[in-house]
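**Student:** Just dropping this structure here.
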Amino acid sequence: MRSYVPAYELQAPRDLSDVLERMTREPAVWKPFAGGTDLMVLLEAGKLPHRRFLSIWKLAELRGIEETPTYVTLGALTTYTDLRRNEVLAREFPLLCRAAAETGSVATQNRGTLGGNIANASPAADSPPALLVYEAALELVSAGGSRWVPYHGFWTGYKQTGLRADELICRIRLPRATHGWRQYYRKVGTRRAQAISKVCFAAAARIDAGRIADARIVLGSVAPTVLRAIETEKALRGEKLTPASLRAAQEVLALEIAPIDDMRSTARYRRRVALNLLAEFCEMLSA
Amino acid sequence: MPESRIIGTSVPRKEGREKVTGRARYVDDLSFPGMLYGTTVRSSKPRGRIRAIHFGPAVPWTEFTIVTAKDIPGKNCIALLIEDQPCLADEFVNHPEEAIVLLAHPDKYLLEEARRAVRIEIESLPAVFTIEDSLARKQVIWGEDNIFKSFHVEKGDVDAAWGAAEFLVEGDYETGAQEQLYIEPQGMIAQANPTDGVTVWGSLQCPYYVHKALVRLFGLQRDRIRVVQTETGGGFGGKEEYPSMLAGHAALLAWKSGKPIKMIYDRAEDMVATTKRHPSRTHHKTAVTRDGKLLAMEIDFTVDGGAYLTLSPVVLSRGTIHAAGPYNCPNVRIRSRAVATNMPPHGAFRGFGAPQSVFALERHLDRVAEVVGLPPEELRRRNFIHEGQTLAVHQVIRETVQMDRLMDRALELSGYHAKRQRFQEENPPNIIKRGIGFAAFLHGAGFTGSGEEYLASEAALDLTPEGRVRVFAGSTEMGQGTNTVFAQIVAETLGLGIDRIEIMQPDTAMVPNSGPTVASRTTMIVGKLVESAAHAVQKSLFDGGFLRPGYNADDFASACDKYIAKFGPLQSLIKYEHPADLHWDDATYTGDAYGAYAWAIYVAEVSVDTRTAEVRVEDFVAVQEVGKVINPVLAAGQIEGGVAQGIGFALYENVVWQEGRMSNGQMTNYIMPTSMDVPPIRVFFEEIPYARGPAGAKGIGELPLDGTAPAIANAIANATGTNVTRIPVTPEVLLEMLEGVHA
Amino acid sequence: MPDSREPDAHARARKIRVHCEINGRATTLETYPMARLLDVLREQPGLTGTKEGCGEGECGACAVELDGALVNSCLVPAMQAVGAKIRTIEGVAGGNSPLRGEPLHDGQLSAIQQAFLTHGGAQCGICTPGMILAATNLLERNPQPSDAQIREGLAGNLCRCTGYTKIFESVVAACRATRPHAEPRR
């Protein structure tokens, strides 16, 4: 344990409005603490400079999975275990369930939350690529009210988001518009379980008369943020699935991503694998 | 031979109940009144001169015990083979994790703050991080020439053979560092003061190694130092020599503070600061006839020992002796050396030099087979050594060797030929390429050559008036089954139930020096001493007329009672006697290297996803001849666990070095296999009883580390057509090779 | 951002009292809110069975059940254990929620513990408490898991000694012991 644990405060608020009120009254002093699977690792490593936290783990307002005809809405405290157990998600949003199943281990899945994952904003996170494919929207609440923002664009830089100091992620909304889309998810990690991703590829496409009518392609671990490969999508949109169109799309993808060398992998590997996974995705579409 | 009653049965582990209920007590589970926590302040530079030590503000330093090299009562060294490694760096540092200052305080949180507040000013000196730079003597950082040790073995006339060969095959092979990654980090508790002496309790494999080091460090008489092994959560060699350092640190803090000291490493410190497997480089040059007969082997083998000598000469020794494998080759030259670099010293890890040289050999022989145009198994068969022939170090094989038979069995059990055929047909259009490969190898049990003689191990036994047996040995249990196997040997010999046998905790105040718990020697060498000790007390009872053959447990108890009442303690102490027919010449490094070998063929089946270059081990067959298997479940457990470590060695475990420092020192970034990365490992034993082993047993602990990685490398080569010459075969490396193949 | 070298760097948060239930017994822990549940448990008399292997939630040696869910206790701050029902390895033998819901006699080993003994599921034993918690939790959720489900359920528990083979065999044996006539899994 490389942090001075006694200096850390972790308090239990009465309810959500109590949390929001304190975050407004003392801006940037209090930060939310959910399941702790990211923050406690930082604490252990001596890399958690922030000292004052409010435990939101028990807040009922942030839990639950709701369905309407148009949306499935997930409370920010939805855990990976919750995601894996939900039948609607398994049917309509399988990529998110896949991502949850490949995150950490059973013990991590019981405590890790979607909201925490989004707030942590690691480019190597497993669920955000799926959320971006599904064009998720986030509800951000503060003492002053709430606002919905598209998840796409929420990421502003490496481990940075558009979340304001007095805001909390409250809900994640997924439009139930996946019918007819072919979906693909692959995480290439350091091993089969409990792995940080080297490349993560989440994609979906609608095929119409042998052509790609629409495509969504999102990659993790190949840029400072999880990346929606807009240019690559454009390169594929309207195209027939041929080796030539695949090659052309791969060329675009190669330039659209910005992988680096780090202790887990190399830029070269990540780039090549990203291109290969695009090929695998297209192959799946052809089948 | 009479039927065994307990030998050969899978008696549950002696301390199993404690382990499955969470009642087993490891060092961090112990607590002493008034105990302080200890921590280590380490170098920030790989090589340099210490200029100053600054203690930062905002820390109540008067509450702390502070120890530096000046506080060492005896000699500032960790005594092992030699005394070159300081316990605490004094003027110079030679690696980036070298310990300089020790701190203790009752509050473990404040202690960590204090550690971070100590700043050590070091004037950098140029450092050396690679074998190449060390050999080139870019800087001389150790001795005269950076060479800890070298060996030169000659058999026959290698130079004459080159001309006579139809084929000459050369290759270069590399293995990386590997972290032992026992799940229980290193830890020690110490109590020490000039009046009572020094006592340490801790996670360790070799209580007498620690004892010897503390004697030197404190300059005390041997009976003033006491070392006690606590339940140890894995060792694999990583707790062979390093615990002496940690014990020294804890004891120095205890000595200065007058309080008990607990020092437990967290995972990050354990990974970066303690020993790892020696990285290696091997060059093979092989002359072979058209018929695939080995004519000559020239092997150049180098290991990186890190900053201090520690055990490098012995790692080099074992690596050298195993470098030419289980083959009959008339002409062999092996030149080997261990070199110094400015990295934390490398040390013992299961296999101890052999996994490195065997990887090179078995990968190389598959290449040789390719060049000659023979199937790899055929090349091996034409060269396997037989009884009466000699190994590279001139050892005449005097035991039955059945490598051919093991090969038959391994290939059959793995479905090798059918798979090889099928994969060849199915691979070309497939993204997932499959392959199957094997390794043939041997592993010598016990210390090399005169080593066991030098160790002069002892084991003892006594009986209570109730007829319970107590076994006293310095051998430690760390999961491999020492307690259970010793108990089985004694129970079998004396005809008692296993619950009547107690294995005493390894405590240097109580048990004799049975040598270190390493080198696959515990069952074979020490188990034999224990068996002899049991025979000795039985003989005393028979000879004294207290007992007659055919006795039962009650008779035995009654006999013990009567004997003790009449004569006093009923005990025996057996000392190792080196077999008269084993001769070893240290000067030429030839002779009878080991008393016995285990022989093995391992077969690995892999699938390679060519899109991501991820390798998956799909099936693994491990066939070995190991003498008598004393406990089948424990023995299979050793092989299975070793194979899993070998899978890590081959595919996943990559130490990322930055200026001599391990930069991926967390379990998130140093990857060992999970349950999803390991296939069912299928283990098969053949048993040719070894006359000098207890109940005929040989040693097996290290064996699986030798053959697993080369079998996997050969399977990858088979699957992809790439020439794998380096492990770990990470996807990053393999992807480049795959692209090279298709370019 | 507070710097640890500032004068008030070592100001302490107030200790809190954590009322919870450990292995069926009501307990009050007094500790810092951010102290790891792992440390707080291990400081309690007789509860050193939960182990630290990595401190980063990777090895699972610290696994306990928190309100019925398997968690890595090195990643749970003590404050979040307020009002929780916790089961550690010490609560498995003679414990209250074994397979089939039948209570065990005090000290009686569970089917999983017994299987680990018979089949060699424990070698050095340091991963064993977490492994048994994970296996127990798995079988209570899914009494007849497939091979793949067993491997996945235990994937968060690292073992360096066994290569997982005999751990796997132990869990399979425990399943058979509790449902000897069940359909074979796949």
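**Student:** Going through the range B:94-152 one residue at a time, which ones are outside the structural domain of B:Thr40 (by TED's automatic domain parsing) and of a type in the set (Lys, Arg)?
**Tutor:** Result: B:Arg137, B:Lys138, B:Lys149.
**Student:** Checking B:Ala598 against (1) surrounded by fewer than 21 Cβ atoms within 10 Å (Cβ to Cβ); (2) at negative phi; (3) more than 13 Å from every other protein chain (Cβ to nearest Cβ), only one condition comes out false. Which one?
**Tutor:** (1)
**Student:** Same structure again: Conditions first: (1) within 30 Å of the chain's Cα centre (by Cα); (2) touching a residue at least 12 places away in the same chain (Cβ under 8 Å). B:Gly22 passes all but one, so which condition is the exception?
**Tutor:** Among (1) within 30 Å of the chain's Cα centre (by Cα); (2) touching a residue at least 12 places away in the same chain (Cβ under 8 Å), B:Gly22 violates only (2).
**Student:** Next question, about the same structure. B:Ala565 passes all but one of (1) in contact with a Lys or Arg (Cβ under 8 Å, 6 or more places away or on another chain); (2) part of a helix (DSSP H, G or I); which number fails?
**Tutor:** (1)
**Student:** What's the number of the only condition in (1) surrounded by 13 or more Cβ atoms within 10 Å (Cβ to Cβ); (2) modelled with pLDDT under 95 that C:Met1 fails to meet?
**Tutor:** (1)
**Student:** Same structure, new question: Quick one: B:Ala580 ticks every box in (1) outside the structural domain of B:Glu466 (by TED's automatic domain parsing); (2) surrounded by 14 or more Cβ atoms within 10 Å (Cβ to Cβ); (3) not acidic (Asp, Glu) except a single one, so which number is it?
**Tutor:** Status for B:Ala580: all satisfied but (2).
**Student:** Also, quick follow-up: Before we move on, is B:Arg42 among the basic types (Lys, Arg), assigned by TED's automatic domain parsing to the domain that holds B:Ala250 and surrounded by 15 or more Cβ atoms within 10 Å (Cβ to Cβ)? I'd like the intermediate steps shown before the answer.
**Tutor:** Values: among the basic types (Lys, Arg): yes; assigned by TED's automatic domain parsing to the domain that holds B:Ala250: yes; surrounded by 15 or more Cβ atoms within 10 Å (Cβ to Cβ): yes.
Yes; evaluated as a whole, the condition is true for this residue.
**Student:** Under the condition of being in a loop (DSSP other than H, G, I, E, B) and either within 18 Å of B:Tyr652 (Cβ to Cβ) or out of contact with any Leu (no Cβ under 8 Å at 6 or more places or on another chain) (or both), which residue from the range C:128-153 is nearest to the other protein chains (Cβ to nearest Cβ)?
**Tutor:** Residues of the range C:128-153 that are in a loop (DSSP other than H, G, I, E, B), as a first pass: C:142-146.
The next check asks that each one be either within 18 Å of B:Tyr652 (Cβ to Cβ) or out of contact with any Leu (no Cβ under 8 Å at 6 or more places or on another chain) (or both); those that pass are C:142, C:144, C:146.
Numbers: C:Asn142: 11, C:Gln144: 17, C:Ser146: 13 Å.
Among those residues, the one meeting the criterion is C:Asn142.
**Student:** Continuing with the same structure: Report yes if B:Asp554 is under 26 Å from the mean Cα position of the chain (by Cα) and over 30 Å from B:Val724 (Cβ atoms), otherwise no.
**Tutor:** Details: under 26 Å from the mean Cα position of the chain (by Cα): no; over 30 Å from B:Val724 (Cβ atoms): yes.
The answer is no for B:Asp554.
**Student:** Inspect all residues belonging to the range A:70-87 and state whether any of them is within 11 Å of chain C (Cβ to nearest Cβ) and in contact (Cβ under 8 Å) with a residue 40 or more places away in the chain.
**Tutor:** Among the residues of the range A:70-87, at least one is within 11 Å of chain C (Cβ to nearest Cβ) and in contact (Cβ under 8 Å) with a residue 40 or more places away in the chain, which makes the answer yes.
**Student:** Name every residue in the range A:98-129 that is within 14 Å of chain C (Cβ to nearest Cβ) and either touching a Pro at 6+ places or on another chain (Cβ under 6 Å) or over 19 Å from A:Ala34 (Cα atoms) (or both), in order of residue number.
**Tutor:** Result: A:Arg98, A:Ala101, A:Glu102.
**Student:** How many residues does the range A:52-69 contain that are surrounded by fewer than 19 Cβ atoms within 10 Å (Cβ to Cβ), more than 14 Å from A:Asp15 (Cα to Cα) and within 14 Å of chain C (Cβ to nearest Cβ)? I'd like the intermediate steps shown before the answer.
**Tutor:** In the first step, residues of the range A:52-69 are kept if they are surrounded by fewer than 19 Cβ atoms within 10 Å (Cβ to Cβ); the result is A:52, A:58, A:60-61, A:63-69.
Remaining after also requiring more than 14 Å from A:Asp15 (Cα to Cα): A:52, A:64-69.
Adding the requirement that they be within 14 Å of chain C (Cβ to nearest Cβ) leaves A:52.
Here the count works out to 1.
**Student:** Moving on. Take residues that are among the β-branched types (Val, Ile, Thr) and tell me which of the strands (runs of 3 or more DSSP E) falling wholly in the range B:14-82 contain 3 or more. Even if it seems obvious, please write down each step before you answer.
**Tutor:** Working: elements: B:36-42, B:48-55, B:65-67.
By residue number, B:36-42, B:65-67.
**Student:** Residues being of a type in the set (A, V, I, L, M, F, W, C) and within 10 Å of the chain's Cα centre (by Cα): count how many of those fall in the range B:323-353.
**Tutor:** Kept after step one, since they are of a type in the set (A, V, I, L, M, F, W, C), are these residues of the range B:323-353: B:323-324, B:329, B:332, B:334, B:338-340, B:343, B:348-349, B:352.
Imposing the further condition that a residue be within 10 Å of the chain's Cα centre (by Cα) reduces the set to B:348-349, B:352.
Of the residues in the range B:323-353, 3 are of a type in the set (A, V, I, L, M, F, W, C) and within 10 Å of the chain's Cα centre (by Cα).
**Student:** What is the one condition in (1) within 22 Å of A:Gly112 (Cβ to Cβ); (2) touching an Asp or Glu at 6+ places or on another chain (Cβ under 9 Å); (3) within 7 Å of another protein chain (Cβ to nearest Cβ) that A:Thr37 does not satisfy?
**Tutor:** Only one criterion in (1) within 22 Å of A:Gly112 (Cβ to Cβ); (2) touching an Asp or Glu at 6+ places or on another chain (Cβ under 9 Å); (3) within 7 Å of another protein chain (Cβ to nearest Cβ) is unmet by A:Thr37, namely (2).
**Student:** Going by what's in this entry, would B:Glu477 be described as touching a residue at least 60 places away in the same chain (Cβ under 8 Å), crowded, with 24+ Cβ neighbours inside 10 Å and assigned by TED's automatic domain parsing to the domain that holds B:Lys562? First the steps, then the outcome.
**Tutor:** Numbers: touching a residue at least 60 places away in the same chain (Cβ under 8 Å): yes; crowded, with 24+ Cβ neighbours inside 10 Å: yes; assigned by TED's automatic domain parsing to the domain that holds B:Lys562: yes.
In short, yes.
**Student:** Pull out all pairs, ordered by first then second residue, where Cβ-Cβ is under 6 Å, the residues are six or more apart or on different chains, the first lies in the range B:288-310 and is assigned to a loop (DSSP other than H, G, I, E, B), and the second is among the aromatic types (Phe, Trp, Tyr).
**Tutor:** Close Cβ pairs satisfying both conditions: B:Gly305/B:Phe148; B:Leu309/B:Phe148.
**Student:** Of the residues that sit in the range B:313-352 and are among the small types (Gly, Ala, Ser) and assigned to a strand (DSSP E or B), which one is surrounded by the most Cβ atoms within 10 Å (Cβ to Cβ)? Explain how you work it out, then say what you get.
**Tutor:** Just the residues of the range B:313-352 that are among the small types (Gly, Ala, Ser), to begin with: B:317, B:319, B:323-325, B:336, B:338, B:340, B:347-348, B:351.
From the residues that got through so far, the ones that are assigned to a strand (DSSP E or B) too are B:336, B:338.
Values: B:Ser336: 25, B:Ala338: 33.
Among them, the one singled out is B:Ala338.
**Student:** Next up: Do you know which of the residues in the range A:1-29 that are in a helix (DSSP H, G or I) and of a type in the set (Asp, Glu) is nearest to the other protein chains (Cβ to nearest Cβ)? Before you say what the answer is, go through the steps one by one.
**Tutor:** Step one: list which residues in the range A:1-29 are in a helix (DSSP H, G or I), which gives A:5-7, A:16-25.
With the extra rule that they be of a type in the set (Asp, Glu), the set shrinks to A:18, A:21.
Values: A:Asp18: 16, A:Glu21: 20 Å.
Per the criteria, the residue is A:Asp18.
**Student:** Conditions first: (1) under 30 Å from the mean Cα position of the chain (by Cα); (2) within 26 Å of B:Gly319 (Cβ to Cβ); (3) surrounded by fewer than 24 Cβ atoms within 10 Å (Cβ to Cβ). B:Arg409 passes all but one, so which condition is the exception?
**Tutor:** Going through (1) under 30 Å from the mean Cα position of the chain (by Cα); (2) within 26 Å of B:Gly319 (Cβ to Cβ); (3) surrounded by fewer than 24 Cβ atoms within 10 Å (Cβ to Cβ) one by one, B:Arg409 breaks only (2).
**Student:** Out of all the residues in the range B:368-387, which are in contact with a strand residue (DSSP E or B) (Cβ under 7 Å, 6 or more places away or on another chain) and part of a loop (DSSP other than H, G, I, E, B)?
**Tutor:** Matches in the range B:368-387: B:Asn383, B:Ile385.
**Student:** Restricting attention to the range B:410-418, does a residue exist that is more than 19 Å from B:Tyr597 (Cα to Cα) and either of a type in the set (Asp, Glu) or not in a helix (DSSP H, G or I) (or both)? Write out each step before concluding.
**Tutor:** The initial filter retains those residues of the range B:410-418 that are more than 19 Å from B:Tyr597 (Cα to Cα), namely B:411-418.
Restricting the remaining residues to those that are either of a type in the set (Asp, Glu) or not in a helix (DSSP H, G or I) (or both) gives B:412, B:415.
Yes, the range B:410-418 contains at least one residue that is more than 19 Å from B:Tyr597 (Cα to Cα) and either of a type in the set (Asp, Glu) or not in a helix (DSSP H, G or I) (or both).
**Student:** Tell me which residues, restricted to the range C:40-85, are touching a Cys at 6+ places or on another chain (Cβ under 7 Å), more than 8 Å from every other protein chain (Cβ to nearest Cβ) and either surrounded by 24 or more Cβ atoms within 10 Å (Cβ to Cβ) or without any contact (Cβ under 8 Å) to a residue 24 or more places away in the chain (or both).
**Tutor:** Once the filter is applied, which keeps residues that are touching a Cys at 6+ places or on another chain (Cβ under 7 Å), more than 8 Å from every other protein chain (Cβ to nearest Cβ) and either surrounded by 24 or more Cβ atoms within 10 Å (Cβ to Cβ) or without any contact (Cβ under 8 Å) to a residue 24 or more places away in the chain (or both), the range C:40-85 yields C:Cys62, C:Ser73, C:Ala81.
**Student:** Test B:Leu573 against the stated conditions and say whether it is assigned to a helix (DSSP H, G or I) and at negative phi. Break it down stepwise before answering.
**Tutor:** On the way: assigned to a helix (DSSP H, G or I): no; at negative phi: yes.
Answer is no for this residue.
**Student:** Something else about it: Looking only at the range A:236-287, count every residue that is without any contact (Cβ under 8 Å) to a residue 12 or more places away in the chain and part of a loop (DSSP other than H, G, I, E, B) and tell me the total.
**Tutor:** Residues in the range A:236-287 being without any contact (Cβ under 8 Å) to a residue 12 or more places away in the chain and part of a loop (DSSP other than H, G, I, E, B): 7 in total.
**Student:** When you go through (1) more than 30 Å from C:Thr48 (Cα to Cα); (2) outside the structural domain of B:Arg224 (by TED's automatic domain parsing) one by one for B:Val20, which number turns out not to apply?
**Tutor:** Unmet condition: (1).
**Student:** A further question on this structure: Can you tell which of A:Ala215, A:Ala223 is at negative phi and surrounded by 23 or more Cβ atoms within 10 Å (Cβ to Cβ)? Full working, then the answer.
**Tutor:** Working: A:Ala223 fails: surrounded by 23 or more Cβ atoms within 10 Å (Cβ to Cβ).
Only one candidate qualifies: A:Ala215.
The values are calculated or read from the model by the stated rules, or taken from the named source; none is laboratory data. Here the structure is a predicted model, which means the values were calculated and not measured. Virtual Cβ from ideal backbone geometry, glycine too; neighbours counted across all protein chains shown.
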